Amino acid sequence: MNAPFPGAEPVPYHALEFKVNTLAGGRSTNYVFSPGQFANWTHLAGTWDGGNLVIYVNGVAVRTLATSGG
């Protein structure tokens, strides 16, 4: 496991992590998946609109974290 930023929670193995660095500092969120969940082709995406970090798996939002700072 590793911590994405000082003071952040460690990210477990079998996790997708999405990080954004802004002038206000770092933001990150993760999505823990089960082994074999991505055995087939899978589309992964992460977005940040200045207010929310979102991880998508095959077009479905699986993790959203409200953030602030740009």
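Brief remarks on what is shown
- Top-ranked residue in the range 43-70 [being within 14 Å of ASN21 (Cβ to Cβ) and among the hydrophobic types (A, V, I, L, M, F, W, C); ranked as farthest from the chain's Cα centre (by Cα)]: TRP48
- Residues satisfying the stated conditions in the range 22-52, i.e. of a type outside the set (Ser, Thr, Tyr), under 16 Å from SER68 (Cβ atoms) and modelled with pLDDT under 80: LEU23, ALA24, GLY25
The values are calculated or read from the model by the stated rules, or taken from the named source; none is laboratory data. Everything numeric in this text was worked out from a predicted model, so none of it was measured. Positions of Cβ are backbone-derived with ideal geometry, glycine not excepted, and every protein chain shown enters the neighbour counts.
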